[in-house]
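In what follows, a single structure is set out as structure tokens and then discussed.
The values are calculated or read from the model by the stated rules, or taken from the named source; none is laboratory data. Quantities reported herein were computed from a predicted structural model and do not represent experimental measurements. All Cβ positions, even for glycine, are placed from backbone atoms using ideal geometry, and neighbour counts span all protein chains on display. What goes into the accessible areas is simple: the full protein's heavy atoms, side chains included, and nothing from ligands, DNA or RNA. Shrake-Rupley method; radii C 1.70, N 1.55, O 1.52, S 1.80 Å.
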Amino acid sequence: MMKSRRKKESIMTKRNLIIGSIILIIAVLVIGLLFLQGNGTEAALRRTIINNLEQDSETASELQRTDRITIVLVGTGSPLAQAGPQTSTAVFVNGQFLLFDAGNNTLDAMNSLNFPLYELDAVFITHFHNDHYADLGDVMEWSWIWGRRHILPVYGPIGITQIVDGFQSAYELERSFRTAHHGEELMPPEWAPSEPIEFAALTDDSAIVVYEKDGVTVKAFRVNHAPVEPSVGYRIEYAGKVVVLSGDTVRTTSLLEHSRNADLLVAEAMNKEVVGAIEDINRELGYEGQANILFDIQDYHMDVSDVGALADEANVKRLALNHLAPKPQSRRQANLFFRDPVAEQFSGELFVGEDGMQIVIPVP
Ligand SMILES: [Zn+2]
Ligand SMILES: [Zn+2]
């Protein structure tokens with residue numbers, strides 16, 4: 001009896017031992033697998049971070065090359081576009097990072113292009129339609145958060161002070177929280193501000209110098225985007241090379257004259273035939289309000305035929321189209337709406353703008 005009970009106890013102990021061992025083995029396997037998996041995840045994370053950092057610094061040094069001017073069409077949309085970045089053009093020249101306009105989604109677009117936002121030297125705004133400055137506040141703020149250590153000058157015609165001060169006021173609380181949380185060394189409050197630099201009203205077709213630094217000159221000239229007043233285009237000059245940005249405008253003598261022999265003209269372009277057709281469809285379908293807006297916008301933009309003729313007459317070497325209305329949804333539409341009609345008049349190098357497109361002008 002005693003023997004039998006002992007035997008039974010011994011069997012139970014053995015069984016417990018076996019079960020215990022199995023549980024232990026499974027636990028070790030699971031922990032091992034988790035550990036390995038954890039290590040794998042960490043390694044992948046490390047690789048991603050290193051790749052991103054390398055890519056960022058490669059992009060930054062490529063963009064800051066001094067043997068060329070690099071123009072990036074950050075955003076080429078117009079308010080007719082459903083999504084994507086609206087007007088914004090970056091010019092990298094002689095180590096300087098200049099941003100012209102900051103329409104909706106500019107910040108996201110610059111981030112996805114790995115731009116060194118902390119190196120942003122100056123912003124220039126052409127006029128005060130929101131498709132040209134809606135992201136200005138975030139550009140001002142994030143350039144500081146990511147390491148800008150200078151006050152950011154924001155140039156523009158009369159009205160820029162109101163816009164910049166408005167954004168600064170809107171971001172005041174946000175800034176104070178960043179500094180409170182991360183400390184003054186990481187988020188130095190003295191570098192957070194931007195400085196509006198408002199230039200005088202342009203009363204004739206001449207251009208005025210608004211920015212000069214290390215051989216780079218930016219001039220502003222008036223354009224015609226009535227009733228939007230003031231409204232300007234910009235001309236960037238460096239080492240004998242000239243880049244002109246039209247801003248929003250109809251064809252004007254000032255744009256023609258300041259674009260003469262330019263190495264690159266970045267011009268807004270609308271295909272009025274297509275916009276007119278969209279207007280008609282809206283009217284037929286009973287969307288009278290939308291149809292009226294589509295009608296109105298045709299009187300203060302350049303048709304593709306105007307752009308081609310102006311670029312030809314001004315003898316520009318390269319022409320890039322932005323602020324595309326309507327924004328093409330395919331290569332076929334890009335050709336049909338923009339390339340073909342412009343190429344009828346302009347035989348130089350033609351770029352139908354795409355978001356993120358780079359144009360390089362070698363500097364001797
Ligand atoms: Zn406009
Ligand atoms: Zn616009």
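Within segment 61-76, if we keep just the residues that are part of a loop (DSSP other than H, G, I, E, B) and away from ligand 2 (no atom under 16 Å from the Cβ), the residue that is least open to solvent (accessible area, probe 1.4 Å) turns out to be Q64.
The residues listed here are V304, V266; of these, the one that is closer than 30 Å to R68 by Cα and without any contact (Cβ under 8 Å) to a residue 40 or more places away in the chain is V304. Within segment 215-270, being surrounded by fewer than 24 Cβ atoms within 10 Å (Cβ to Cβ), among the polar types (S, T, N, Q) and assigned to a loop (DSSP other than H, G, I, E, B) holds for N224, S231, T252, N261.
Of all residues in segment 330-341, those that are more than 9 Å from V352 (Cβ to Cβ) have Cβ atoms under 7 Å from Cβ atoms of residues that are part of a helix (DSSP H, G or I) and open to solvent by less than 90 Å² (accessible area, probe 1.4 Å), 6 or more apart or on another chain, in P341/V304; P341/S305; P341/G308. Here E195, E212 are screened, and the one residue that is open to solvent by 30 Å² or more (accessible area, probe 1.4 Å), under 30 Å from E268 (Cα atoms), within 21 Å of the chain's Cα centre (by Cα) and of a type in the set (D, E, K, R) is E195. Taking E257, is it at pLDDT 95 or above and within 21 Å of the chain's Cα centre (by Cα)? Against the criterion (at pLDDT 95 or above and within 21 Å of the chain's Cα centre (by Cα)), E257 does not qualify. Is at least one residue of segment 210-224 polar (S, T, N, Q), under 18 Å from V123 (Cβ atoms) and away from ligand 2 (no atom under 16 Å from the Cβ)? Yes, segment 210-224 contains a residue that is polar (S, T, N, Q), under 18 Å from V123 (Cβ atoms) and away from ligand 2 (no atom under 16 Å from the Cβ). Among the residues of segment 77-103, those that are within 12 Å of ligand 2 (Cβ to nearest atom), of a type outside the set (A, V, I, L, M) and closer than 23 Å to F295 by Cα comprise G77, S78, P79, Q86, T87, G103. Right, G84: in the same structural domain as M270 (by TED's automatic domain parsing), open to solvent by less than 10 Å² (accessible area, probe 1.4 Å) and modelled with pLDDT under 95 or not? The answer is no for G84. Checked against (1) crowded, with 21+ Cβ neighbours inside 10 Å; (2) within 15 Å of ligand 2 (Cβ to nearest atom); (3) not aliphatic (A, V, I, L, M), G308 meets all criteria but (2).
Note on segment 104-126: among residues that are crowded, with 24+ Cβ neighbours inside 10 Å and within 12 Å of ligand 2 (Cβ to nearest atom), the one that is farthest from the chain's Cα centre (by Cα) is T126. Is segment 137-158 home to any residue that is of a type in the set (D, E) and in contact with a strand residue (DSSP E or B) (Cβ under 8 Å, 6 or more places away or on another chain)? No.
Taking segment 264-292 as the range and being closer than 23 Å to G77 by Cα and among the acidic types (D, E) as the test, the residues that pass are E268, E273, E279, D280.
Table: residues versus (1) closer than 19 Å to L245 by Cα; (2) not polar (S, T, N, Q).
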{"site": "G276", "(1), (2)": "no, yes"}
{"site": "L285", "(1), (2)": "no, yes"}
{"site": "F295", "(1), (2)": "no, yes"}
{"site": "Y300", "(1), (2)": "yes, yes"}
{"site": "S305", "(1), (2)": "yes, no"}
{"site": "A309", "(1), (2)": "yes, yes"}
{"site": "A314", "(1), (2)": "yes, yes"}
{"site": "N322", "(1), (2)": "yes, no"}
{"site": "Q329", "(1), (2)": "no, no"}
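Residues of segment 293-343 that are closer than 21 Å to V72 by Cα, in a helix (DSSP H, G or I) and polar (S, T, N, Q): N335 alone.
Summed over segment 287-304, the residues that are open to solvent by 90 Å² or more (accessible area, probe 1.4 Å), hydrophobic (A, V, I, L, M, F, W, C) and within 14 Å of ligand 2 (Cβ to nearest atom) give a count of 1.
Just one of the listed residues (N52, N16, N105) is of a type in the set (S, T, N, Q) and modelled with pLDDT of 90 or more, namely N105.
Residues considered: Q333, Q298. Of these, the only one that is of a type outside the set (A, V, I, L, M, F, W, C) and modelled with pLDDT under 95 is Q298.
Within segment 133-192, the residues that satisfy the criterion of being among the polar types (S, T, N, Q) and either more than 30 Å from F221 (Cβ to Cβ) or modelled with pLDDT under 95 (or both) are S169, S176, T179. On the stretch given as segment 91-103, residues that are open to solvent by 10 Å² or more (accessible area, probe 1.4 Å) and touching a strand residue (DSSP E or B) at 6+ places or on another chain (Cβ under 6 Å) total 1.
Looking at segment 211-244, which of its residues are closer than 18 Å to H129 by Cα and hydroxyl-bearing (S, T, Y)? Answer for segment 211-244, where residues must be closer than 18 Å to H129 by Cα and hydroxyl-bearing (S, T, Y): S231, Y234.
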